Amino acid sequence: MKPMRGLSSRVTVVAITGVAVTALATALAAFSLSNPDDKPGACESQSVDEPGQGCAKALVGLFEQGKEIFRFDTFGDEDYWGGKLELHKAIAGAALGGVGPGVSPKTALTAAGLKVDVDALPGNLQAKLRQGKVDLDSPATTLALLQLNAVVGVKGVFDKGGSLSSIGITCALCHSTVDDSFAPGIGKRLDGWPNQDLNVGLIVSLAPNLAPMADQVLGASDPATIDLLKKVLLSWGPGFYDAEVNIDAIGFRPDGKSAAVRIPAAYGHLGEDLHTWTGGFGNVTYWNAYVANLQMHGNGNFNDERFNNPAKYPAAVRGGFFKLRHNPDQVTSKLAPLHYYQLSLKAPTPPPGSFDAAAAKRGETVFNGQGKCADCHMPPLYTDSGYNAHTPTEMCIDSFQADRGPTGAIGSTLVTPQLSGLWARSKRGFFHDGRFPTLLDVANHYNACFNLGLSSSEKSDLVEFLKSR
């Protein structure tokens with residue numbers, strides 16, 4: 001553990017924390033000056049017609065507040081992940097006051113798919129990492145990284161003695177990654193990008209006390225039920241998550257495959273209606289409330305009377321998820337700035353050389369014409385303008401995932417995903433469950449579904465256009 005003395009320096013941690021607090025205080029001050037009554041919105045109503053610098057500063061403040069929430073706010077969910085499931089003990093390991101072998105940085109980066117923010121690492125630590133002088137096989141190093149707030153989407157809670165006493169998660173856990181500019185899994189943050197390496201199920205399965213989760217999800221906490229819960233969690237794999245299993249208690253598809261879906265992107269959603277996979281739930285800010293309360297298990301308030309349905313949503317009824325209340329409510333006041341920040345995240349531009357530009361230009365003609373793609377993926381949003389959801393029958397696929405969501409006027413639906421930045425979220429296949437490994441597989445599916453009569457070259461050009469988004 002001696003090589004980590006510089007990393008775990010309390011002086012360094014305090015200094016970094018101080019800078020972050022000062023920056024946040026400045027941003028919040030700008031925001032609160034233009035919103036003295038805390039009403040949602042960036043500008044005072046009387047200044048909207050002539051926004052000027054006052055409104056511009058307020059917008060910056062709102063953006064910075066939302067970014068801070070997205071990256072670092074747990075909404076109090078450490079009460080669940082640490083307080084109930086005791087996940088922090090599995091991370092620390094028996095040698096550091098927890099249980100089991102603990103989680104080393106090497107395991108966290110590879111098996112778990114967690115990411116490290118290089119900007120949170122002091123210069124001396126970066127130098128030691130380059131020199132190979134940091135023990136990446138030691139859970140003590142993981143705890144030191146948590147003290148620096150360097151593990152993307154994970155926040156450690158430490159007692160006065162420096163021991164890890166709880167653990168919380170933030171939005172960035174699933175919806176941010178890094179650019180690998182320092183090393184694989186270590187780099188600058190990429191907010192809004194899905195972490196396609198993150199193995200949420202594996203991480204949660206390590207929790208020493210899964211009884212509270214088993215009781216809520218499956219209705220019992222005997223050893224056999226906990227084993228079943230672990231089987232469900234371990235079936236997800238990297239880049240997948242099931243945001244509905246804890247409302248409907250369905251862990252597997254009828255064919256025995258996992259019911260989990262790909263972690264969606266949080267970028268590029270400005271201007272669209274629904275934005276995840278399953279229709280019937282709600283828009284971006286609905287999902288922020290849904291995830292913060294029901295998935296992250298933050299201490300907030302949440303209403304959705306549709307979940308008060310023991311037949312369809314037995315787990316939601318057990319958890320009281322249709323009318324959740326906490327005092328204080330640590331979620332609702334943050335939905336407005338969080339919404340603003342997420343809608344500010346533009347889709348990333350494909351890197352040079354990642355597609356054939358001439359073929360992409362031809363493919364755009366196919367996309368807008370014979371391929372009929374633009375009938376739903378309408379440029380420039382590349383999703384439906386209006387209600388962007390369709391029945392599985394329209395898409396020539398099964399209705400399993402669609403049926404899990406609340407049904408609307410036209411029944412069960414799946415959302416038309418926007419296509420911008422598609423290249424940055426393609427690692428785990430396409431469609432909600434990754435059923436099509438490649439874009440050519442998608443083109444072949446729709447060619448057969450709609451009897452489009454596309455030639456091999458037209459499908460190839462179409463793929464290049466999709467890669468160019």
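Some values worked out for this structure:
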{"quantity": "Selection status of residue 54, farther than 19 Å from residue 332 by Cβ, part of a helix (DSSP H, G or I) and at pLDDT 50 or above", "calculated": "yes"}
{"quantity": "Residue among 179, 191 that is among the acidic types (Asp, Glu) and touching a residue at least 40 places away in the same chain (Cβ under 8 Å)", "calculated": "191"}
{"quantity": "The range 350-387, subset open to solvent by less than 70 Å² (accessible area, probe 1.4 Å) and of a type in the set (Phe, Trp, Tyr), residue nearest to the chain's Cα centre (by Cα)", "calculated": "382"}
{"quantity": "Test set (1) modelled with pLDDT of 95 or more; (2) open to solvent by 30 Å² or more (accessible area, probe 1.4 Å) - residue 283 fails condition number", "calculated": "(1)"}
{"quantity": "Matching option when the condition is under 29 Å from residue 312 (Cα atoms) and outside any loop (DSSP other than H, G, I, E, B), among 441, 433, 398, 403", "calculated": "403"}
{"quantity": "Meets criteria (surrounded by fewer than 22 Cβ atoms within 10 Å (Cβ to Cβ), polar (S, T, N, Q) and closer than 29 Å to residue 82 by Cβ) for residue 301", "calculated": "yes"}
{"quantity": "Failed item, numbered, when residue 225 is tested on (1) part of a helix (DSSP H, G or I); (2) under 24 Å from residue 320 (Cα atoms); (3) out of contact with any Leu (no Cβ under 8 Å at 6 or more places or on another chain)", "calculated": "(3)"}
{"quantity": "Per-region count, the range 417-430, residues in contact (Cβ under 8 Å) with a residue 60 or more places away in the chain, closer than 18 Å to residue 364 by Cα, assigned to a loop (DSSP other than H, G, I, E, B) and open to solvent by 10 Å² or more (accessible area, probe 1.4 Å)", "calculated": "2"}
{"quantity": "Qualifying residues in the range 233-260 (those that are open to solvent by less than 10 Å² (accessible area, probe 1.4 Å) and among the hydrophobic types (A, V, I, L, M, F, W, C)) - the one farthest from residue 428 (Cα to Cα)", "calculated": "247"}
{"quantity": "All positions within the range 270-317 that are part of a strand (DSSP E or B) and hydroxyl-bearing (Ser, Thr, Tyr)", "calculated": "278"}
{"quantity": "Top-ranked residue of the range 331-345 - restricted to ones that are closer than 18 Å to residue 381 by Cα and of a type in the set (A, V, I, L, M), ranked as least open to solvent (accessible area, probe 1.4 Å)", "calculated": "345"}
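Residues checked against (1) open to solvent by less than 20 Å² (accessible area, probe 1.4 Å); (2) in contact with a Lys or Arg (Cβ under 7 Å, 6 or more places away or on another chain); (3) without any contact (Cβ under 8 Å) to a residue 40 or more places away in the chain:
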{"site": "115", "(1), (2), (3)": "yes, no, no"}
{"site": "123", "(1), (2), (3)": "no, no, yes"}
{"site": "127", "(1), (2), (3)": "no, no, yes"}
{"site": "139", "(1), (2), (3)": "no, no, no"}
{"site": "142", "(1), (2), (3)": "yes, no, no"}
{"site": "150", "(1), (2), (3)": "yes, no, yes"}
{"site": "155", "(1), (2), (3)": "no, no, no"}
{"site": "158", "(1), (2), (3)": "no, no, yes"}
{"site": "161", "(1), (2), (3)": "no, no, yes"}
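The values are calculated or read from the model by the stated rules, or taken from the named source; none is laboratory data. Nothing here was measured: the structure is a model prediction, and the numbers come from that model. We place every Cβ from the backbone using ideal geometry, glycine too, and count neighbours over all the protein chains shown. Protein only, heavy atoms only, side chains kept; ligands, DNA and RNA dropped before computing areas. Shrake-Rupley method; radii C 1.70, N 1.55, O 1.52, S 1.80 Å.
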